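Structure record follows, encoded as structure tokens.
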């Protein structure tokens, strides 16, 4: 697997159709998920900073639990779900493209 | 309802000591086993890259879940309610960022430290010197914070003298790292993480059993005892810019912690690296949800009065709850777990510091990359002992000091000195050596200087006596005014006519107004911070990015640009990655 053994130069690999597809897909999904995570967390902080009454509402009549509690726990859970989405994408697309490109270089 | 008015906390607890000795024995056996397998630099720094994604996920969680977060967050929740929950969310959100931006490129491009990645296509020596400065500052500040916390907590839990607690912690940490390297450190982390997660889960089950396993019931009782304010956001976020700045530092600081980044080299490939973040995020998120539950449970079952009576910082909320629900045995177990937690975290930090010293400074800078593996491991071991002793001495030196700011500083520096350079070296073709070096030093300097000038240090620590003097003066004015008002109101006798009553009310109002003016005057002498924010992250991080970009654009480096193609291939498909 050393680069010295490969037939193609780095430049040729970069020009390869599959590599370009892998490159753009990986960048898009990383960027989208990063932005989602930023929006999620800083959205939560913004709610605390600018709309405390919203977070202080009760979940239902007679319940002590405020909306803020599931929102905070939801931020934690959703962050983890985002990592699961990335894993799912990487296992089903990324790894397969990497394998394909490596086979091509080896051949 | 159990009431832990009489607590065993703070006394030598035979159960706790037994559990702790057991933990130490097991980990020393592991260290002995690991020592026989630690020959090469790959073994010492990276556990031979033999750790699986799941194991590394647990170890990452072990590195990150400190005793301060376990005891501290439960404490904040029990005393401040919802605000503690806000705090815990901030500690988790950096992990997805690590996965999306850092984990795979880091594993594919580097060997042992994150400086390997930054220096990949740039000039080794200046980059490694700068990255080592960033790493070592982060490691040392975090280590001191953990050590002082360790001494204080162990003293609280076991009744051991502060110096002895630090001495035991430091010596064990040196033993693990010195002989067992990354293999021993990783297994110490894994065992500790499993114990901590298991212990916290058990505590939560016991807690919820008191409420018919209903969170609604728990919150209902919490509301009855402490009003609905307890379940609403309170005073934690008063300045939105400061909150945003803290959020940035927590989020991107996590992605710049050398002992966390180093763990990605212990797995065989990028796929395992990515997997380990998924597990780590799950474990850490679960842990914070447990910790928050423990905090609310302690507030209801132990009561704030008892918690604050044992420790003003609220740190004993978790142990007190364990004692109330599971008696002395559970208290002993949990105290031993907390001790083990401290030990594991400081070991991980020491190893990260030792590798920055030997791999980056000694081999990269002093020897210009020319050193045998044997030599490198030897220097890393010497550095381990040196760092360990430094940590013990600094811990004792800072005894009784308020070191909470050090944790904030650690994350601010990691987010400003380490993260921007690392990210730009991965994604930006035009990034240059000068750009990287100036970015690291800028982030480091700006973060440290702004924190010194901030209210956290400038007012709370450097001008503490003046703050106290003003507070004392205000208190005197208030007391004398209260006494005066009481005197005036004594004249109110039954049967006084309306005019006289009105006159008394007027003079009370006048007295109130006069004292308010005096208080305002006194408060105007309160020392002011030169930099207004408590968290410098927003400025120090922006400065590091900005300087890195400007310097790179002003003096382009065509050679480094040309080498980006090779870096990109290796970064994305892992060809040539260290095995």
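The values are calculated or read from the model by the stated rules, or taken from the named source; none is laboratory data. Quick caveat, the model's predicted, so the values are computed rather than measured. Glycine also receives a Cβ, built like all others from the backbone with ideal geometry; neighbour counts cover every protein chain displayed.
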Seminar exercise, completed: Taking the stretch A:88-107 and keeping residues surrounded by fewer than 18 Cβ atoms within 10 Å (Cβ to Cβ), under 18 Å from residue B:102 (Cα atoms) and touching a residue at least 12 places away in the same chain (Cβ under 8 Å) leaves A:89
Exercise. Within the stretch A:79-87, can one find any residue that is surrounded by fewer than 17 Cβ atoms within 10 Å (Cβ to Cβ), over 27 Å from residue B:271 (Cβ atoms) and more than 9 Å from every other protein chain (Cβ to nearest Cβ)?
Worked result: no
Exercise. Since residue B:424 meets every condition but one in (1) modelled with pLDDT under 85; (2) in the same structural domain as residue B:134 (by TED's automatic domain parsing), which condition does it not meet?
Worked result: (1)
Exercise. With B:349, B:387, B:331, B:343 as the choices, which residue is under 30 Å from residue B:219 (Cβ atoms), crowded, with 20+ Cβ neighbours inside 10 Å and touching a residue at least 40 places away in the same chain (Cβ under 8 Å)?
Worked result: B:331
For this session: Say whether the condition of being over 21 Å from the mean Cα position of the chain (by Cα), in a helix (DSSP H, G or I) and over 20 Å from residue B:70 (Cα atoms) is met by at least one residue in the stretch B:191-204.
Result: no
Exercise. Is there a residue being surrounded by fewer than 12 Cβ atoms within 10 Å (Cβ to Cβ), more than 10 Å from every other protein chain (Cβ to nearest Cβ) and farther than 23 Å from residue B:279 by Cα anywhere in the stretch A:55-66?
Worked result: yes
Seminar exercise, completed: Those helices (runs of 4 or more DSSP H) completely within the stretch B:14-95 that have 2 or more residues that are buried (at least 24 other Cβ atoms within 10 Å of the Cβ) and not assigned by TED's automatic domain parsing to the domain that holds residue B:375 are none
Problem set entry | Condition met for residue B:552 (away from chain A (no Cβ under 14 Å) and closer than 30 Å to residue A:94 by Cβ) | yes
Exercise. Counting only residues that are surrounded by fewer than 11 Cβ atoms within 10 Å (Cβ to Cβ) and within 38 Å of the chain's Cα centre (by Cα), how many does the stretch B:498-519 have?
Worked result: 0
Problem set entry | Given (1) at the interface with another protein chain (Cβ under 8 Å from one of its Cβ atoms); (2) at pLDDT 95 or above; (3) surrounded by fewer than 16 Cβ atoms within 10 Å (Cβ to Cβ), index of the condition residue A:35 fails | (1)
Exercise. Identify, please: which residue in the stretch A:50-63 is within 17 Å of residue B:220 (Cα to Cα) and part of a helix (DSSP H, G or I) and is, among those, nearest to the chain's Cα centre (by Cα)?
Worked result: A:55
Problem set entry | Residue under evaluation residue B:237, criteria (1) under 21 Å from the mean Cα position of the chain (by Cα); (2) away from chain A (no Cβ under 12 Å), criterion not met | (2)
Exercise. Could we say that residue A:22 is touching a helix residue (DSSP H, G or I) at 6+ places or on another chain (Cβ under 6 Å), more than 7 Å from chain B (Cβ to nearest Cβ) and at pLDDT below 95 here?
Worked result: no
Exercise. If you check residue A:47 against the conditions, is it buried (at least 18 other Cβ atoms within 10 Å of the Cβ), more than 7 Å from chain B (Cβ to nearest Cβ) and in a helix (DSSP H, G or I)?
Worked result: yes
